[in-house]
1. Which order do the peptides 260-273, 101-114 take when ranked by the mean count of other beta-carbon atoms within 10 Å per residue, highest first?
2. Excluding S287 itself, what net charge comes from residues whose Cβ is under 10 Å from its Cβ, given Lys and Arg +1 and Asp and Glu -1?
3. Can you give me the long-range amide H partners of S368? Hydrogens built in the peptide plane at 1.01 Å from N, cutoff under 5 Å, separation of 5 or more residues or another chain.
4. With θ set to phi - 60° and the Karplus curve 6.51 cos²θ - 1.76 cosθ + 1.60, what are the ³J(HN,Hα) couplings of the stretch 166-171 in order, to the nearest whole Hz, using x for Gly and Pro?
5. Would you mind counting up the charge near H135? Only other residues with Cβ under 14 Å from its Cβ, with Lys and Arg at +1 and Asp and Glu at -1.
6. What net charge do the residues around Q96 carry, taking every other residue with its C-beta under 11 Å from that of Q96, with Lys and Arg at +1 and Asp and Glu at -1?
7. Under a plain spin-label model, where a point goes 7 Å from the Cα along Cα-to-Cβ, how far apart in nm are A173 and L73?
8. In nm, to one decimal, how far is the S43 label point from the S253 one, both placed 7 Å along Cα→Cβ?
Amino acid sequence: MKTQLGRRHFLRGTGALIALPALESIGFRRFASAAEVAPALPSKRMVFLGFGWGVTEESWYPNIEQPGSGYELSKGLAPLARHKADFSVIQGCSNQYNNEAHWGSTFWLTGANRFSVPGQSFSNSISADQVAARHLGGDTRFGSVQLSSSDTKNSGHGPGLSLAWDQRGKPMAGLDTPLKVYHKLFSADDLPLEQRQAAIDEQRSVLDAVLLDAKRVQRGLSKTDTDKLDEYFQGIRDIETRLGKDEDWLEVSKAKPGMEAPREGLKGREEIKVMYDLIAAALQTDSTRVMTYRQPVAALLQSMDINVAPHNMSHYVEGERMDASEQRDVAQSELLAGFLDKLKATKEADGSRLFDHVALAYGSNIRSIHYLDNCPTIVAGGGADLKLGQQLVLSKDTPLCNVWLTMLQGIGVKSERHGDSSGVVKELQA
C-alpha cells in the first residue's frame, strides 16, 4: 500500500481512526472498483541549471528577427535540434539591479538589489527555487537539493554556495561532487534508528540552550542589533524545521536510484553528465521535487582540452578565445540535450514522461564579457504549463524575474511577485 500521508499525520489520526470516513490515502482505495479509481497525477517538479561567464553572443542567440516557432537554431544551440518543439528561448530579460560583471549566478534567481539594506554592501533575497520548495517540498525527504561544483572559483559564479538563497537571503550549501550527491540522496544510513533519533534530540537540546542564551541578551538592544538577533532566531527556526523533517523520515528507507554510485574524481563534461543523471534519478524517485545546479565552466574547458583561461575566454575576440567560447557553448548544449533525452525516457508510475512534469530553466545572469542585459534564458518541460517551441523576443530589460514568476505560478505557487518582477510573461503561458 502506498500512501501520501506522512507519519505524523497518521499518528495524529490514530486515536480517531474509527470515526474517519474511508480515506483513499490510507488504503481504502483498494476496495473501489477499477472504474472508480483515478490514477494519482504525478507531482510537479522544478529544476534550475545555471552557468557562469555567459555565452558567445554572436553564435548562441537566434536571430531576433525570427520570433515565434519558425526561428532557426543558432550554432550554439544546434545540438538541441531534436528538442526544438519542447523548449523556448527567451530574449530581452535582465535583472535591473545586477551590477557585477562576473557574478553569473548570485542574483540570477533572486533579482535582488545588493544595496537594499542601508549600511550593507551586500544583501540578497530568497531565490525562485526556494519559493518553489515551500510549495512542493513538504512531502519529500528533501525539501530541495542544491548541487554545485568543486570548481566554482574559476567558473564565473560570484558569491554564494549554490544557486539557492534562503528566505533571509543567506546562501544555501551545495553538494559539490556527484559522489556526495549520490550518498546524500540514496545511500543507506549506517547508524541504528535509536542513535539517529538520539543525534536529532541532542541537536535540539543544543538549539534550546543557544536560544535561551540569545533571549537573555534581547532586552536593551539597538534596532540594528535587534534585527540581527531576529535573523539569528529565524536561522534557529530553519534548523528546527530541518530536524523535524529528518525525524519524519527516520523510519523510511532511502529510494533506490537505478544507477551505481559514481566514481570519485569526476570533472568537467563527465561530472556535468553524471550530475544530470542524478537529478533525473532524484526526481524520478520523488526524493525531492526542487533542484538547482551551479555548473562548472573551468573544469568543462579542461575536460575538452581547451587551454584558454575561462576569464580570458569570457572576454573573447575573434580567434582562439572566441573559438573556445563557442566550443563551450556547443558542449553545454550537447549536455543539456542529453539531459532532456533522459527526462523524456524516464517514465512515471502512470506511464507519462518525467519531462512532462518538470519545469526547467537554463541560463546565466550575464550575457557575455561585461554585458548584463539579455541574459541567456531557456525554459523547457511540461511542469509549468508553458508555451514551448518558440523564441520570445521581449521588450528590452524585461525583468528576468517575470520568467521565474510565470514558472512559479505555473507549478501552482500563488504569488503575484518575485524579486524585481513586474508581472508574468503572458506570451510564455500556454
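1. Values: 260-273: 16.4, 101-114: 25.1.
The most tightly packed comes first, giving 101-114, 260-273.
2. Numbers: positive: R141, K184, K254, R289; negative: D286.
Summing Lys and Arg as +1 and Asp and Glu as -1 gives +3.
3. V55
4. Per-residue couplings from phi come out as 7, 5, 8, x, 9, x Hz.
5. Details: positive: K44, R45, R134, R289, K414; negative: D129, D139.
Value of the local net charge: +3.
6. Numbers: positive: none; negative: D373, D397, D420.
Taking every other residue near Q96 into account, the sum is -3.
7. 3.9 nm
8. 2.0 nm
The numbers here are math on the coordinates, done by the rules we state, and not lab data. Nothing here was measured: the structure is a model prediction, and the numbers come from that model. For neighbour counting, all protein chains shown are included, and Cβ atoms are generated from backbone atoms with ideal geometry for every residue, glycine included.
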